[in-house]
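Just so it is clear, none of the values below were taken in a lab; they were calculated from the coordinates. Keep in mind the model is a prediction, meaning the values are calculated, not measured. Glycine gets a Cβ as well: all are built from the backbone with ideal geometry, and neighbour counts include every protein chain shown.
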């Protein structure tokens, strides 16, 4: 009897790298996959791929290839290479914190150990992989791990545990519409229920499996396997005719002989055995022998053991004890040869039945082996439970942690939002404050300027009044007195010679001239019509005069006659004043100038200010802009003007500021 | 013949000089005799004038324009005294002698007082002073050189300028701010602007150029 199961293999993932070394690695791996080549050649190719991979410098790419090579090494049963690669793959994935790759490495390990029948190790690695894939929410792979774990548990006769896992896997597969995997699960469930002797259920699941198989494109020999398994169920139910019908249906429907010779032999064996169980011995021996021959030729030992046990049973039924014992012994030795415990047990049980003489010994052996196997299985099952328990705990913990993480993240985001909101408000507020402050500054600036103007005009008024007073004093007082004196002198009777009289007259005339002069002076003192260049120009002149005292430089100040300061907006004048102040401050502080020229020009409504000194100058490119220069720049910007500074070491610095004076005030105070 | 003479001048030394002139005249001509009174301020001047109007009157007044105002504030200058004389003593001959030679004041005085003699103190010397008195006594007016020149200059535009125009030009020339003008001239700001514009057309200067207007008016003798 043979039950067939499938262990899921993972798909090969290909990446497209175009680097030379990578190309050669890919080529070597492809060569190792080439089924036309010898196994040793393929192993050699894989070894080369491995060597090249070791030489790679980029860990992430390395990790990819380790994973592939590990997978292939497992496929090629190259144990040394596999162990080498897999340990490297796992450690590299761990250092890279590439969780998926870690899971992948565990999967490779599991598949490797599964093949080596080291079920506990295999189970452990499947579990590790399962944990990781579940964490990564890779449902498909999680389901595959569940299936593989269930598969192993089923093999260790933990059928209920296996069933639970299969159903878990099934749920996921159904969600993902993975029909082939669904088929595998149902098939395995059918096998489990057969082992549990719940035959109706087994039939139900096998039929379900076949149903899903219809949706699969690449069916392979799956239909035949399922039919075989189904037939075996009927066989166990002693429904031999149905069983034979199913077996033959599978055989007739396909040219199995060509596609899978061993499987073909299995069917022949199964049909013969079922017939034998049914009591039909016609041609049975020939069929057994036919199967035996095929299996002998393909060296399919497991199958051979089975057919030999069947033959032994057959001869026992024919009371040919010798042959029965002979086949049973051959089956046992074959089972021993491949260390197949199940076959060993079956063979021992058979021997105890056919070899009457040694029956007790075989039975004792059987019981002993069975017990020890059961103990072993139980131990391993306990191990599984422990692993699962730890996993559950781990998953719970992770979930708890992830929940905490989510809570913390949400909290952090909320706090962050609140903080940024608060920050935003604060920035907005300070901006507003800044604006208000600027406006106030502007206002106070204007106030200062108007105060300055007022003071200047007061000063001017005072000066004017004083001039008027002087003029009036001169005119009314001094002039009158001189006039009176002159006339008085004129009426004086001068006694003397002619020249004395002449001189007398000359002095009188001279007095009249003095009067004229005084009158002119008085007039000029009063007349202000010519000095309209007061206010702003005066203010600047005062400023520069004051600064020149401080800085010890001479100054020259020129203003274009065309400039009507009264018509220029206060804002412009304030800023120009500040710019000049700043520039003069710089000159005093740094320039060590002895001469400063200040010039106002007007060109088509563009006012140009030039301040030139003969100081030490500075390198305009190298030197970082000082606060003074920056202030001038920002003030010029406020006027929408242009600011330029040119400087030459030991020659001096020149500052140009130009701005438009678009103002249409008609007011003209003379 | 004896003439009653009143000399109004706050400077005693000038009053003395005028006196000397009259004495000089009587020393030249024995028939001319002058009864001279001197006052140095407005109050005294008004008292004398009022007294004389009730008695035998005054024949000639030498009037200075810039003398201290009266204590009651009614008389501000010699001009006001001149007006008072014309009111109380219509036959009296007035010789204004002033140091002013700005055209505006001279014109105002001419208009308000219409004196028989107008002397600009600086133009005057001994001979001229004596001549002026003689001329006025002979009933012919006497004007100083500067005053005559003013008459000639103004001849062309004179009739078109009224008192307010002149005042406006005058205020502009002494640097009065436009804002203050409505307080001085009995016109609104727009009225003033209008007048200014007309003046600019009259004197043929640019619309925006107040300064040229003032200079031109000065040149033409209006200020």
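Express in % the proportion of alpha carbon pairs of the range A:338-470 at distances exceeding 23 Å. Mind showing how you got there, number by number?
Numbers: 6608 of 8778 pairs.
The answer is 75 percent, as a whole percent.
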- Note on the structure: Hull volume per residue for the range A:68-189, using the convex hull of the C-alpha atoms, in Å³ is 97
- Message: When the expected Rg is taken as 2.2 N^0.38 Å, what fraction or multiple of it is the alpha-carbon Rg of chain B?
- Response: 1.15
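Give me the Kirkwood hydrodynamic radius of the range A:294-395, using the inverse of the mean 1/r over all pairs of distinct Cα atoms, in Å to one decimal.
By the Kirkwood definition, the hydrodynamic radius is 15.0 Å.
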- Bin all alpha-carbon pair distances of the range A:552-619 at 5 Å intervals from 0 and give each bin's fraction as a whole percent. 4, 14, 25, 23, 15, 11, 6, 0
- Please give the FRET efficiency for residue A:39 paired with residue A:237, using the beta carbon to beta carbon distance and R0 = 41 Å, rounded to the nearest 0.05. 0.45
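Assuming a ≥ b ≥ c are the square roots of the Cα gyration tensor eigenvalues, decide whether the range B:106-223 counts as rounded (a/c under 1.5), prolate (otherwise, with a/b larger than b/c) or oblate.
Values: a/c = 2.69, a/b = 2.34, b/c = 1.15.
Judged from the Cα gyration tensor, the range B:106-223 comes out prolate (a/c at least 1.5, a/b above b/c).
To the nearest µm²/s, what D does Stokes-Einstein give for the range A:61-110 at 10 °C and 1.306 mPa s, using the Kirkwood radius over alpha carbon pairs as Rh? Could the numbers behind the result be given before it?
Details: Rh = 10.2 Å.
Estimated diffusion coefficient is 156 µm²/s.
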- Query: Does anyone have the angle between helix A:179-195 and the longest principal axis of chain A? Alpha-carbon axes, 0 to 90°, nearest 10?
  - Reply: 40
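Can you tell me, using C-alpha contacts under 8 Å and at least 6 residues apart, the relative contact order of chain A as a whole percent? Please list the in-between numbers first.
Working: 756 pairs, mean separation 36.8, N = 670.
RCO, chain A: 5 percent.
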- Query: What list of whole percents do you get for P(r) of the range B:18-88, with Cα-Cα distances grouped in 5 Å bins up to the one holding the largest distance?
  - Reply: 3, 15, 25, 21, 17, 11, 6, 2, 1
- Rounded to the nearest whole number, the per residue volume of the convex hull around the C-alpha atoms of the range A:456-523 in Å³ is 60
- So what's Rg/Rh here for chain A, counting alpha carbon atoms and using the Kirkwood radius for Rh? 1.56
- Query: Rounded to the nearest 5, what is the percent of antiparallel bridges among the DSSP beta bridges in the protein assembly as shown?
  - Reply: 45
- Direction-averaged shadow area of the convex hull around the Cα atoms of the range A:511-649, nm²? 11.0
- Query: Considering the zone a paramagnetic label at residue A:395 would reach in this model (a point 7 Å from Cα along the Cα-to-Cβ line), which residues of the range A:109-136 have amide N under 18 Å from it?
  - Reply: A:123-136
- Cα-based helix-to-principal-axis angle, A:627-638 vs chain A, degrees rounded to 10: 90
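Work out, step by step, the length gained on full extension between residue A:302 and residue A:164: first 0.36 nm times the residue separation, then minus their alpha carbon distance; give nm to one decimal. Intermediate results must be reported in sequence, preceding the final value.
Values: separation 138, 0.36 × 138 = 49.68 nm, distance 2.91 nm.
Residue separation times 0.36 nm, minus the Cα-Cα distance, leaves 46.8 nm.
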- By how many degrees, 0 to 90 and rounded to 10, does the Cα axis of helix A:359-472 deviate from the longest principal axis of chain A? 10
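If I stretch the segment between residue A:214 and residue A:97 completely, what's the gain in nm (0.36 nm per residue apart, minus their alpha carbon distance), one decimal?
On the way: separation 117, 0.36 × 117 = 42.12 nm, distance 4.18 nm.
Length difference between fully extended and current span is 37.9 nm.
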- Message: Just to compare against my own numbers: the Cα pair-distance distribution for the range A:217-356, 10 Å bins, whole % per bin, please.
- Response: 13, 40, 37, 9, 1, 0
- Got the relative contact order for the range A:247-338 handy, in percent, Cα pairs under 8 Å and 6 or more residues apart? 22
- Dividing the alpha-carbon radius of gyration of the range B:75-149 by 2.2 N^0.38 Å (N being the number of residues), what value is obtained? 1.04
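Shape verdict for the range A:281-343, please, from the Cα gyration tensor: rounded (a/c under 1.5), prolate (a/b greater than b/c) or oblate.
Numbers: a/c = 2.53, a/b = 1.30, b/c = 1.95.
Since a/c reaches 1.5 but b/c is at least a/b, the shape of the range A:281-343 is classed as oblate.
Tell me, A:225, A:107 in order of fewest to most beta-carbon neighbours within 10 Å? Walk me through the intermediate numbers first.
Working: A:225 23, A:107 28.
The fewest-first ordering by Cβ neighbours comes to A:225, A:107.
Taking 0.36 nm per residue of sequence separation and subtracting the Cα-Cα distance, how much length would be gained by fully extending the chain between residue A:492 and residue A:408, in nm to one decimal? Spell out each step's value before the answer.
On the way: separation 84, 0.36 × 84 = 30.24 nm, distance 12.01 nm.
Here the segment from residue A:492 to residue A:408 would lengthen by 18.2 nm.
Classify the range A:13-134 as rounded, prolate or oblate, taking a ≥ b ≥ c as the square roots of the eigenvalues of its Cα gyration tensor: rounded when a/c is under 1.5, otherwise prolate if a/b is larger than b/c and oblate if not. Please list the in-between numbers first.
Values: a/c = 2.18, a/b = 1.22, b/c = 1.79.
In terms of gyration-tensor shape, oblate.
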